[in-house]
Amino acid sequence: MSRLAKGGLIDRSQPLDFEFDDRRLKGYAGDTLASALLANDVRLVGRSFKYHRPRGILTAGPDEPNALVELRSGARREPNTRATTVELYDRLVASSQNRWPSLGLDLMAVNRLVAPLLGAGFYYKTFMWPSAFWEKLYEPLIRRAAGLGTASGLPDPDTYEKANAFCDLLVIGAGPAGLMAALTAARAGARVILADEDFRLGGRLLSDNPLIDDRPGADWAARAVAELASFPDVTVMARTTVFGVYDGGTYGAVERVSDHLTTPPAHQPRQRLWRIVAKRAVLAAGATERPIVFGGNDRPGVMLAGAVRTYANRHAVAAGDDVAVFANNDGAWLAARDLLRAGVAVRTVIDIRDTVDPALTAPLREGGARVLTNSRVIGTSGKLLGEIEVLADGHRARIAADTLAISGGWSPTVHMTCHLGDRPVWNEEISAFVPDRTPPGLSVAGAAAGKFGLSECLSGGAGAAIAALGDLSIRATLPATPRTEDEPRRVTAFWHVAESKGAAFVDLQNDVTAKDIAIAHREGFRAVEHLKRYTTLGMATDQGKTSNLTGLAIMAALTGKGIPQTGTTVFRPPYTPVAIGALAGHHRGREFRPTRLTPTHAWAERQGAVFVEAGAWLRAQYYPKPGEADWLETVNREVLAVRSGVGFCDVSTLGKIDIQGPDAGTLLDRVYINAWSTLGVGKARYGVMLREDGMVMDDGTTSRLGPDHFIMTTTTANAAKVYQHLEFCLQVLWPELDVQLASVSEQWAQLSIAGPKAREVLAGIVDAPFDLSNEAFPFMAAGEATVLGGTRARLFRISFSGELAYEIAVPARHGVGLAEALLAAGATPYGTEALGVMRIEKGHAAGNELNGQTTAADLGLGRMMSKKKDFIGRALSQRPGLTDPKRPALVGFRPVDPAQRLRGGAHFIPMGADAVAANDQGHMTSVAYSPTVGHWIGLGLLSDGPDRIGERVRAVDPVRNADIEVEVCHPVFVDPQGDKLRV
Amino acid sequence: MRKGSAPSRTCTDMRIPCPYCGTRDAHEFGYLGDATTRRPDGGDPFDQVHIRDNPAGPHEELWYHGAGCRRWLVVSRDTRTHAITGARFAKEPA
Ligand SMILES: [Zn+2]
């Protein structure tokens, strides 16, 4: 056991059981999965991405590249989870990934033998040709050999939600700088949100455990958190990662509500996505330690010194029994000192520097450690680390060690200062990039600003809060700075041991070595963005938190340019991976978007209707009856019922816009291609409107209910778009017009009643004394009436089916009553399928033809375009390309062999010509089986179509392998004279 | 962009101060484009419909408050920073 006998911030009264690769292990509350694994001497945790090399735990935080596991099991399995950030809970189950058949014996490790093939640029070099090999051979091979964890493949049983928050000051990170900033702002009465990704707040105070006001730093942090919690306007959010900065002081954050529990509690989400709008923000994200690159630096047991210190001080875990240290800076010596104090054997401390402050070396020497200055580690050996090879003052020596704590210095966590495009600048003194310009409203404090000393963190946090609140005219006073001592922080830049033996890894997660960077340099991929893409440096899920700087420093050394001239790659959100589930929230499955239901939906359900999605709507598609073999039989029955008797259909989904005002007619004249101000009161008219570019935008029937009152209908799909367009016309184009609009689509249930017996049925619905006779209420009449004994209604004699037909609109709540009355009167309910069949039989253009690329002339409506007035789209509809008679135009099609089925999407090819794109003359837009004419019929856009009636062409459908002969015909298949409409 | 050459950035970026509804999230609005084109102004209609400048800097543009008051607004936005410095009803003269 590597658990220390005492100390740490774990709760020894709360032991927790957990499983890793089927081994039953024990940890404590306050552990991470990584600390608990180390406490159980589990050092081999995973296999690397490309070479399947054994890997252990490198870090103690979100920067971890190696220790990725599959957390939980079954549908809750979460691949690529960083063991270093997983809060241990009782009965946690995790397993290693990217190994086969087992972690200890990984047959895929053979990849190491072909490592020369998998080096920098290997994708580009190896898999260029032939391209057909990619899909069939290379990709499956790579996917099997390289990769990380696997998704469960099952629906996620948990929920995720989204929330918004607003504050004066958002503090990102609850280390010393962040806590001090939050305290300062809270005491000034500001609305504060303090967010930290960890489950315990305190940042490095928990890891380094310095004295603040003579008390342990962790205690000071706990007291600060308790004080913050006492303010009503302060929200402390642990387990919450602020992952991105967006426009307008908006910050994205993900709160892990239930990730530390076996399953989420009732009515709680697993995660919550926060959109935080902050007037000001202080970034106190701390710093990230970086490794030194040397041969064999990926062996399990090689860890960052700061992480070793965290495990000892915070989790009471000795990372090993026999520890060596290799560093270029003072911080690692303090880690070694803390280990000694905790009773862990530190036998060797290796520093690349010639001289190290005796105040640092003395305690180590006293503790029995060998101190090797001007020295470096050049290699390691053992499956798990057993031995290191050191070059000390020119001499090589092998030294036993099961843990090597390494440190190449610390880099401020500048990511979020760069999310809106700013770049950090190089600071020679700390050998790191520090923030320069920052997003509006965001300032930086503490280690994230490159101020590593504890007193600087505390005073910097307070100062940043005071400045931020000052911008908001909130007066804050500087709190007394707590007494503390700054740790020494000297560093000498050092990145890569040139004398390395064996592979020296820069990016551990993507298996990018120092040699790969040399190859990229040699082959000319020297710019950082090229280096990144050529070698995949920093492109793994850790986004190179521990490797980017080292990689570009090695490149800078190769090119001879300095690091500042070499520059960094762009930091983009998210700072750490965010689950897609959190981004989706409740918007999945049926709740992906709201579903709109027609007023008769529940009634149609009771009739056994089958529904179809039409945009956001669910509409009754057809109403099957017992004994009907398939949908086609049902639809045929519905069509024939309308054509021979009477049927009804809910058409409420059409957009309805109420248009009122003295200039309403003028507005319609300008938006429709045909004339409107001449329309008489009590009349309806079909209209077509164009976009400015001359293409058809929408069509529909509009009726004049009074001198200043029109009711417009739009297609279902374009209802919102047309409304917005009309508002644009009135507010932007012609503000002088006196017209008011209101969308009334939801307010009216509208049912179509169609068939030779429509008037007969309607007579029992419409209240007396309304005169339904053909003389009193002819085709295209519109008016107001009452129905069913006093229900207010609007009646339109319009027809989509080509039959004698009416549409009745009643207040939406009366829709079901109307449907029930029509059913009782003997009318047959029909759905959108029969509606579609009948409109194709009548040659009406619909969504398939109004596809944004057709003109009025293309649809056979060219003659509707008024020459006496101007209207939107008129000018551009006259462009030569749009008036070319060779343009595909709407005609009908019938199969030459009536037994053959037509296919929508088939392309028209002249008889005898090759079925190639050059001979394409248009395509079939809509098809249906017509029970009225007894065979399949189609509408399509054919070049020069109206002049080719009677001609035969091929309808070629390469997708479904169909190639049939069709005859071009008039698009109206049923009652071409329109006699049935007018009876 | 050279340091110091960018205009000052404000903290109101992608929220739009609707003169009717107050400051609202940009998601409530639909975007149309350049608010300074006049239709029709007697020029080439093709240019009027299709040709737009793509300025880097201050821009007057049309936004529609579809999820709010349904007013068309002229919004002043800096295309480099998304800083929004004003919004007025399109119906009213500037
Ligand atoms: Zn508004």
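Would a scan of the stretch A:41-57 turn up a residue that is out of contact with any His (no Cβ under 7 Å at 6 or more places or on another chain) and at positive phi?
Looking for residues that are out of contact with any His (no Cβ under 7 Å at 6 or more places or on another chain) and at positive phi, one finds at least one in the stretch A:41-57, hence yes.
Scan the stretch A:657-666 residue by residue and report those that are surrounded by fewer than 23 Cβ atoms within 10 Å (Cβ to Cβ) and on the phi < 0 side of the Ramachandran plot.
The answer is A:657, A:658, A:660, A:662, A:663, A:665, A:666.
What do you reckon, is residue A:225 under 29 Å from residue A:163 (Cβ atoms), in contact with a helix residue (DSSP H, G or I) (Cβ under 8 Å, 6 or more places away or on another chain) and away from chain B (no Cβ under 14 Å)?
The answer is yes for residue A:225.
Every residue in the stretch B:29-41 that is in a loop (DSSP other than H, G, I, E, B) and either within 15 Å of the ligand (Cβ to nearest atom) or within 11 Å of chain A (Cβ to nearest Cβ) (or both), please.
Across the stretch B:29-41, the qualifying residues are B:29, B:35, B:37, B:38, B:39, B:40.
Restricting the search to the stretch A:239-281, which residues are away from every other protein chain (no Cβ under 14 Å) and part of a strand (DSSP E or B)?
A:240, A:241, A:242, A:243, A:253, A:254, A:255, A:271, A:272, A:273, A:274
Across the stretch A:535-547, what is the number of residues that are buried (at least 24 other Cβ atoms within 10 Å of the Cβ) and either on the phi < 0 side of the Ramachandran plot or hydroxyl-bearing (Ser, Thr, Tyr) (or both)?
Qualifying residue count for the region: 6.
Here is a list: A:700, A:694. Which entry is on the phi > 0 side of the Ramachandran plot and away from every other protein chain (no Cβ under 14 Å)?
Exactly one of A:700, A:694 is on the phi > 0 side of the Ramachandran plot and away from every other protein chain (no Cβ under 14 Å), namely A:700.
Consider residue A:482 carefully, then state whether it is surrounded by fewer than 19 Cβ atoms within 10 Å (Cβ to Cβ), modelled with pLDDT under 95, of a type outside the set (Asp, Glu) and over 30 Å from residue A:248 (Cα atoms).
The answer is no for residue A:482.
Are there any pairs with C-beta distances below 6 angstrom linking a residue in the stretch A:588-601 that is basic (Lys, Arg) to a residue that is surrounded by fewer than 17 Cβ atoms within 10 Å (Cβ to Cβ), with the two at least 6 apart or on different chains, and if so which?
Qualifying pairs under 6 Å: A:596/A:616.
Given the options B:65, B:59, name the one that is at pLDDT 85 or above and more than 11 Å from the ligand (Cβ to nearest atom).
Among B:65, B:59, only B:59 is at pLDDT 85 or above and more than 11 Å from the ligand (Cβ to nearest atom).
Answer yes if at least one residue in the stretch A:50-58 is assigned by TED's automatic domain parsing to the domain that holds residue A:103, touching a strand residue (DSSP E or B) at 6+ places or on another chain (Cβ under 9 Å) and of a type in the set (Phe, Trp, Tyr), and no otherwise.
Within the stretch A:50-58, none of the residues are assigned by TED's automatic domain parsing to the domain that holds residue A:103, touching a strand residue (DSSP E or B) at 6+ places or on another chain (Cβ under 9 Å) and of a type in the set (Phe, Trp, Tyr).
State which residue pairs qualify: first residue assigned to a strand (DSSP E or B) and inside the stretch B:56-77, second residue more than 16 Å from the ligand (Cβ to nearest atom) and β-branched (Val, Ile, Thr) in any location, beta carbons under 7 Å apart, and separation of 6 or more residues or different chains.
Listed by first residue and then by second, the contacts come to B:59/B:79; B:60/B:36; B:76/B:85.
Out of A:884, A:957, A:944, A:897, I need the residue that is of a type outside the set (S, T, N, Q) and in contact with a Pro (Cβ under 8 Å, 6 or more places away or on another chain). Which one?
One residue alone meets the criteria, A:944.
Quick one: would you say residue B:26 is within 16 Å of the ligand (Cβ to nearest atom), under 22 Å from residue A:733 (Cα atoms) and of a type in the set (Gly, Ala, Ser)?
no
Somewhere in the stretch A:450-465, is a residue basic (Lys, Arg) and assigned to a helix (DSSP H, G or I)?
No, the stretch A:450-465 contains no residue that is basic (Lys, Arg) and assigned to a helix (DSSP H, G or I).
Would you be able to tell me the number of residues in the stretch B:78-94 that are within 14 Å of the ligand (Cβ to nearest atom), among the basic types (Lys, Arg) and part of a loop (DSSP other than H, G, I, E, B)?
Qualifying residue count for the region: 1.
Please give the strands (runs of 3 or more DSSP E) falling wholly within the stretch A:392-441 in which 1 or more residues are touching a helix residue (DSSP H, G or I) at 6+ places or on another chain (Cβ under 8 Å) and farther than 18 Å from residue A:285 by Cβ.
The qualifying strands (runs of 3 or more DSSP E) are A:403-407, A:425-427.
Of everything in the stretch B:8-28, what is at pLDDT 85 or above and within 11 Å of chain A (Cβ to nearest Cβ)? Give them in sequence order.
Residues satisfying the conditions are B:15, B:16, B:23, B:25, B:26, B:27.
Identify, from the list A:224, A:186, A:174, A:182, the residue that is within 34 Å of the chain's Cα centre (by Cα), in a helix (DSSP H, G or I) and on the phi < 0 side of the Ramachandran plot.
Criteria check complete, one pass: A:182.
Tally time: how many residues in the stretch A:725-735 are over 17 Å from residue A:693 (Cβ atoms), without any contact (Cβ under 8 Å) to a residue 60 or more places away in the chain and more than 7 Å from every other protein chain (Cβ to nearest Cβ)?
The total comes to 0.
Output the residues belonging to the stretch B:49-88 that are within 9 Å of chain A (Cβ to nearest Cβ) and surrounded by fewer than 18 Cβ atoms within 10 Å (Cβ to Cβ).
Correct list: B:50, B:66, B:70.
Can you say whether residue A:751 is at positive phi and not assigned by TED's automatic domain parsing to the domain that holds residue A:622, as far as the supplied structure shows?
Taking the combined requirement at face value, the residue does not satisfy it.
The values are calculated or read from the model by the stated rules, or taken from the named source; none is laboratory data. For clarity, every value in this text was computed on a predicted model and none was experimentally measured. In this analysis, Cβ positions are derived from the backbone assuming ideal geometry, glycine residues included, and neighbour counts consider all displayed protein chains.
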